[in-house]
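**Student:** Can you read through this structure? Questions will come right after.
The values are calculated or read from the model by the stated rules, or taken from the named source; none is laboratory data. All values reported here derive from a predicted model rather than from experimental measurement. Note: ideal-geometry Cβ built from the backbone for every residue, glycine included; neighbour counts use all protein chains shown. Heads up: the accessible areas ignore ligands, DNA and RNA and are worked out on the full protein's heavy atoms, side chains in. Shrake-Rupley method; radii C 1.70, N 1.55, O 1.52, S 1.80 Å.
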Amino acid sequence: MLIQRPSDILPSEITPRARFEDRRRFLRDAGLLFAAGALGGALPSAEAATNAAPKLGPLTASPFSTSEEKTPYKAVTTYNNYYEFGTDKSDPAENAGRLATRPWTVRVEGFAGKPRTFDIDELLRLAPLEERIYRLRCVEGWSMVIPWVGFPLASLLKQVEPLGSAKYVEFVTLYDPKVMSRLPVLDWPYAEGLRLDEAMHPLTLLAMGLYGEVLPNQNGAPIRLVVPWKYGFKSAKSIVTIRLTDKQPATAWNKAAKHEYGFYSNVNPQVDHPRWSQATERRIGEFRKRPTLMFNGYAEQVASLYQGMDLRANF
Amino acid sequence: MMNMLQMPSRTQIAWIKAALFALCLLPALRLALGWHNDTLGANPIETITRASGDWTLRFLLITLCVTPLRRFTGLNWLLRLRRMLGLFAFAYGCAHLTTYVWLDQFFDWMAIAHDILKRPFITVGFAALVLMTPLALTSNAWSIRRLGGRKWQALHRSVYGIAILGVVHYWWLVKADVREPMLYAFALAWLLVLRAWWRELERRRQQAVPPPVPAYKGRVIRIVPTGK
Ligand code: HEM
């Protein structure tokens, strides 16, 4: 596990990405969000002017970030699994523009002392925004390195004061047939779940941006989960409800094929998916496959969560 | 013009074949250019694996369309294009396997053997390609003569099974959205049902014909019962 020391300059500022989106959306959204130029300072105005997605900031670096080479912005935003917008990797980038990410609220409810609804703009200010450069391992055998922007899910959950009886957390995502697929590919709305201790783990992130900017729709705007030691599908996109429960919640892929996608779905090179090996992965942009690491390389941080558990049975 | 469509000359057939050959190469050319210009998306190896697999299955189905097309249009010369189409199916199948062995697995023979034995969708795809090999090897005039028409035809009927395996391979590899494999399944089902129906018609036709009257040589002596 490579841990980068926090530094003052964020890697995403050192490596600016190619910018191609239109300026009008920037002008429209800019009023709703803060641009780094205003809050964090130090961004050349020319760059801000040609920038499509608004900058998020100020951001603090995280000791959990990896120093591995980041997957280019273009690949991160054009090669997506977001089945509500189509099942080809290129579909979400083409279709997710229809999703309106304002107004947006997230209801946090269930076994909580103070359940309530949060507005997305309030969430953006709820806790200091961090940049977290995480590995993402998809169950299909490919991986990326993505600089997310967000804060630990624990910061939000603490606000609603989970009850002692809360054991799990369920994440329900938006399903809007007006802009999304009407095909019953999965049991919409897409739902995911974590054990409460997994949800409270400092690595578990609520992300609102990537590459220092507001999350593109195809990546799960305006707010998504990022659980870096689990296969990508556990990290639910475009979340509308977070529910504390006492029972293990049903999850979308598990309902679709329960022998293939377990509740835990921790990255594990020793437990193969019935249809493909999980021993290796192709990092997007690389030619040769590389070995997959236990817990996606986060074993040091999370292995203790699963002490004594049979990870083959609890796949 | 009309005549050419009904019964093209040798030269015309040669031209048609050359044009078809170039057309069949286009998907491969597009992939090669895409690879060179880096326009195959974020995961070019996956793009090539999928495109070559798609075209293997498509060429198989196109090959199976030749006979119905010939029967419906009466253009018998279409049959002369069938061999090339079938061989292209095999060629794309080989390219598909090469992509998998070389670009995807990078000659990791252990992983490949493991895949073939343990992943049902790979097992089925592999079986399909193995079964295509004898058909490709006997797609020439010499083999037809050598085997005799009947045996050759019996061998080449396995193409129906191969196409079924191809569709099953595709069906099993998709995660949830089976619309595309289903499209291929419908197309194949239609092509198979059509043939089953023709067989049935042929069977009925043969049954309807009265058995031939035996022809006798020499004089026929009629035996007529007497009135006594
Ligand atoms: C040696 C045999 C074969 C191997 C190892 C093999 C392997 C594969 C692999 C790894 C994929 C990609 C799966 C994915 O991206 O998730 C694939 C896709 C595919 N293969 Fe094969 N295959 C073989 C033979 C065949 C044959 C003979 C056919 C056709 C009859 C075929 C048709 C397809 C199709 C249609 C796809 C899906 C393309 C798409 O997703 O659009 N394959 N195959």
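**Student:** Just wondering, is there one or more residues in segment A:243-258 that are in a loop (DSSP other than H, G, I, E, B), more than 30 Å from A:Leu174 (Cα to Cα) and within 16 Å of the ligand (Cβ to nearest atom)?
**Tutor:** Within segment A:243-258, not a single residue is in a loop (DSSP other than H, G, I, E, B), more than 30 Å from A:Leu174 (Cα to Cα) and within 16 Å of the ligand (Cβ to nearest atom).
**Student:** What residue, among those in segment B:130-139 that are open to solvent by 40 Å² or more (accessible area, probe 1.4 Å) and touching a residue at least 12 places away in the same chain (Cβ under 8 Å), is farthest from the ligand (Cβ to nearest atom)?
**Tutor:** Of everything passing the filter in segment B:130-139, B:Pro134 is farthest from the ligand (Cβ to nearest atom).
**Student:** To continue, here is another question. Looking at the structure I just gave you, is A:Gly285 within 23 Å of A:Gly220 (Cβ to Cβ), surrounded by fewer than 18 Cβ atoms within 10 Å (Cβ to Cβ) and within 14 Å of chain B (Cβ to nearest Cβ)?
**Tutor:** Yes: the conditions hold for A:Gly285.
**Student:** Still on this structure: Restricting attention to segment A:96-129, report how many residues are in a helix (DSSP H, G or I) and either surrounded by fewer than 19 Cβ atoms within 10 Å (Cβ to Cβ) or small (Gly, Ala, Ser) (or both).
**Tutor:** 6
Rundown of residues vs (1) within 22 Å of the chain's Cα centre (by Cα); (2) open to solvent by less than 20 Å² (accessible area, probe 1.4 Å); (3) more than 16 Å from A:Tyr82 (Cβ to Cβ), yes/no style:
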{"site": "A:Leu153", "(1), (2), (3)": "yes, yes, yes"}
{"site": "A:Leu157", "(1), (2), (3)": "yes, yes, yes"}
{"site": "A:Leu174", "(1), (2), (3)": "yes, no, no"}
{"site": "A:Glu192", "(1), (2), (3)": "yes, yes, no"}
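**Student:** Take the residues in segment B:119-141 that are over 17 Å from B:Phe59 (Cβ atoms) and of a type in the set (S, T, N, Q), then tell me which one is farthest from the chain's Cα centre (by Cα).
**Tutor:** Filtering first and then ranking leaves B:Thr123.
To keep it simple, each residue is scored yes or no on (1) more than 10 Å from the ligand (Cβ to nearest atom); (2) within 16 Å of the chain's Cα centre (by Cα); (3) at pLDDT 95 or above.
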residue: B:Gly166; (1), (2), (3): no, yes, yes
residue: B:Trp171; (1), (2), (3): no, no, yes
residue: B:Val178; (1), (2), (3): yes, no, no
residue: B:Ala187; (1), (2), (3): yes, yes, yes
residue: B:Leu192; (1), (2), (3): yes, yes, yes
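**Student:** Can you say whether B:Asn43 is within 14 Å of chain A (Cβ to nearest Cβ) and in contact with a Lys or Arg (Cβ under 8 Å, 6 or more places away or on another chain), as far as the supplied structure shows?
**Tutor:** yes
**Student:** Determine if segment B:109-129 includes at least one residue that is more than 14 Å from chain A (Cβ to nearest Cβ), within 13 Å of the ligand (Cβ to nearest atom), β-branched (Val, Ile, Thr) and free of Cβ contacts under 8 Å to residues at least 12 places away in the same chain.
**Tutor:** Looking for residues that are more than 14 Å from chain A (Cβ to nearest Cβ), within 13 Å of the ligand (Cβ to nearest atom), β-branched (Val, Ile, Thr) and free of Cβ contacts under 8 Å to residues at least 12 places away in the same chain, one finds none in segment B:109-129, hence no.
**Student:** Turning to a different aspect of this structure: A:Lys89 - would you say it is within 12 Å of chain B (Cβ to nearest Cβ), buried (at least 18 other Cβ atoms within 10 Å of the Cβ) and either assigned to a loop (DSSP other than H, G, I, E, B) or among the hydrophobic types (A, V, I, L, M, F, W, C) (or both)?
**Tutor:** Yes: the conditions hold for A:Lys89.
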